[in-house]
1. Check whether at least one residue in region 91-99 is modelled with pLDDT of 85 or more and surrounded by 13 or more Cβ atoms within 10 Å (Cβ to Cβ), and report yes or no.
2. What are the residues in region 418-439 that are crowded, with 23+ Cβ neighbours inside 10 Å, part of a loop (DSSP other than H, G, I, E, B) and in contact with a strand residue (DSSP E or B) (Cβ under 9 Å, 6 or more places away or on another chain), if any?
3. Condition test on residue 368, is it assigned to a helix (DSSP H, G or I) and at pLDDT 85 or above?
4. Determine whether residue 553 is at pLDDT below 85 and surrounded by 14 or more Cβ atoms within 10 Å (Cβ to Cβ).
5. Scanning region 727-761 for residues that are part of a loop (DSSP other than H, G, I, E, B) and within 14 Å of residue 200 (Cβ to Cβ), which turns out modelled with the lowest pLDDT?
6. Just to be sure before I move on: is residue 591 within 30 Å of residue 432 (Cα to Cα) and either surrounded by 15 or more Cβ atoms within 10 Å (Cβ to Cβ) or out of contact with any helix residue (DSSP H, G or I) (no Cβ under 8 Å at 6 or more places or on another chain) (or both) in the structure I sent?
7. Do we find that residue 178 is surrounded by fewer than 24 Cβ atoms within 10 Å (Cβ to Cβ) and either modelled with pLDDT of 80 or more or farther than 23 Å from residue 381 by Cβ (or both) in this structure?
């Protein structure tokens, strides 16, 4: 990947080859951290990638790659697109390919098969020299990867799993060769032990590679949504003539050559190649792999479409708005890849253990060998038990436990429209006590309609002039209430009165000076009722708007804010808006109650209006008349209630004014139907404006965390139980090798059980 540039930092992604365990991850990270200018580095064993952030101009990519290679690992620049497929497209004879597994078992079979006939009284085995002939290619050709990686790690001043395997199998092979040369007693040889250990480890590596491939399926499925080409209409095509568009009216261009503003022609059944707006045609579009929406969505003129979605029955012409890395699909892939590469906080424990694990195991193996030699007076038994300790202790499962679960969990969540960007939320989701909702756009449709306009001056009866003035203040605004005013004026055939000056007032409203009409030259302000709290006009406005509040409507007030000769600002009219509740808002709250989570709603509306909405959907507690700037303070108070232990709070929002609260919450969830600012501040993005996804996001986060905990428990338990058993002679080297390989596979398989997860609320 080319560096993603920001003002002061450069970001790189590298593909790392040759890592086998948590110790490898720790060593690569330490090497990267020592590079001058590197601010942070994260290495993931399951994805075999490293992500590096460095100060601009401090270290080149070539220097970083050279240092990783000096540490003993392969490194190369990662490509942005299609990389997952490239990483798992291993050849049949690759280091973790099936060919080496088959060949190793074919050579080793004559060595270990006679053992299965011994219980039946058949004592037959190959001669010592035949055993040497079969075991040697397994040991030094098929098993060379362990020597190579082990030597590199030793030269780098540390050890890894490969070093343990190389030491253990070499000891068994060397002991067998010594006995063969000195006594030629075939029944005392252990060639089958060293050969079978290598066979099982190669089998384990192949199984790991296959399991890793499955954990990456979500990314690859998203990448395959990209069509290779787009049909771009010629500039001279007349779209008003209703003529059929033929092959001579468009060019079939590679996707990277399509630019914003191009008009793209899309046939039924084709993938939509770009993000854009439909300018001609209508169809149903399948966005399931992007948003998790199970049913195709009806799209018509002025509807937005997402690149990668599948067009249904209609012909569409779309004006391209975002292409390539700027598209929603590209951003989704980047978010999922970033989440899968990051580490959950619990991984720090694994890193601390792995840093001292390999040298500790080598010391334990030496102590086991010396102890057994002194106690049993048998060098062969002592060596075999030391070999078992070396093999059983390989920390493969430990290194895969966390990243495998994160990859599987974030991948399946993305399939259903839940983008988990920050793995830390996985650790916090199972602790959540409270979920706080913003109201507008989160629990409601976010598309309010103007329901009433009530002038304060009863002698001024021209409500249309007030509407034209208020709509003029909102020209160019994207706020839902602004759109409602403009739609209402358009429906009534009233032209908005433009302003000579206007500016937004964060958390309050908008201020401007109309250029015409009855309020020409005056400074007017359209603001929320809550923003008037504490002023002399507040009670007057409340009285005027009381009936609207009782019906659950949202109210704004148009004020003449230019006071002359010390006069107070004058209210002109109250404007009431209605916003329909989302049909599944109540079921979303019920789903959270089923998880024993308390629900809260934060609203700038009047208390009676907000309470009415809260009762309709079953919200436990309503905070009303809250300024947007105060939402974060409310989240903080919910987290730290007086005389109670800390509460873990999730915040659900979609607007710019929700960003501070989303950042303050333990877990922030943003609706993708909202603003980019909100999505950047949140740890989870919900790709549909569906509040039932909140409970689903908590559920998959909990299940992913449970898998991490299970994997780490079994990985630690495996080594804790296995090492003493091997030291006491209850595990032969062959059983130790088999168990070690299968432990890694079991950890990955346990993580893959997350693929069976399905949202409960669909």
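1. The answer is yes, given that some residue of region 91-99 is modelled with pLDDT of 85 or more and surrounded by 13 or more Cβ atoms within 10 Å (Cβ to Cβ).
2. 432, 439
3. Against the criterion (assigned to a helix (DSSP H, G or I) and at pLDDT 85 or above), residue 368 qualifies.
4. On the way: at pLDDT below 85: yes; surrounded by 14 or more Cβ atoms within 10 Å (Cβ to Cβ): yes.
Yes; evaluated as a whole, the condition is true for this residue.
5. 732
6. Spelling it out, residue 591 is indeed within 30 Å of residue 432 (Cα to Cα) and either surrounded by 15 or more Cβ atoms within 10 Å (Cβ to Cβ) or out of contact with any helix residue (DSSP H, G or I) (no Cβ under 8 Å at 6 or more places or on another chain) (or both).
7. When the stated conditions are applied, residue 178 passes them.
Table: residues versus (1) out of contact with any strand residue (DSSP E or B) (no Cβ under 6 Å at 6 or more places or on another chain); (2) closer than 27 Å to residue 286 by Cβ; (3) modelled with pLDDT under 85.
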position	(1), (2), (3)
207	yes, no, yes
215	yes, yes, yes
221	yes, yes, yes
232	no, yes, no
236	yes, no, yes
241	yes, no, yes
247	yes, yes, yes
257	yes, yes, no
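The values are calculated or read from the model by the stated rules, or taken from the named source; none is laboratory data. Just so it is clear, the model here is predicted, and its values are computed rather than measured. So basically every Cβ, Gly included, is an ideal-geometry build from the backbone, and we count neighbours across all protein chains shown.
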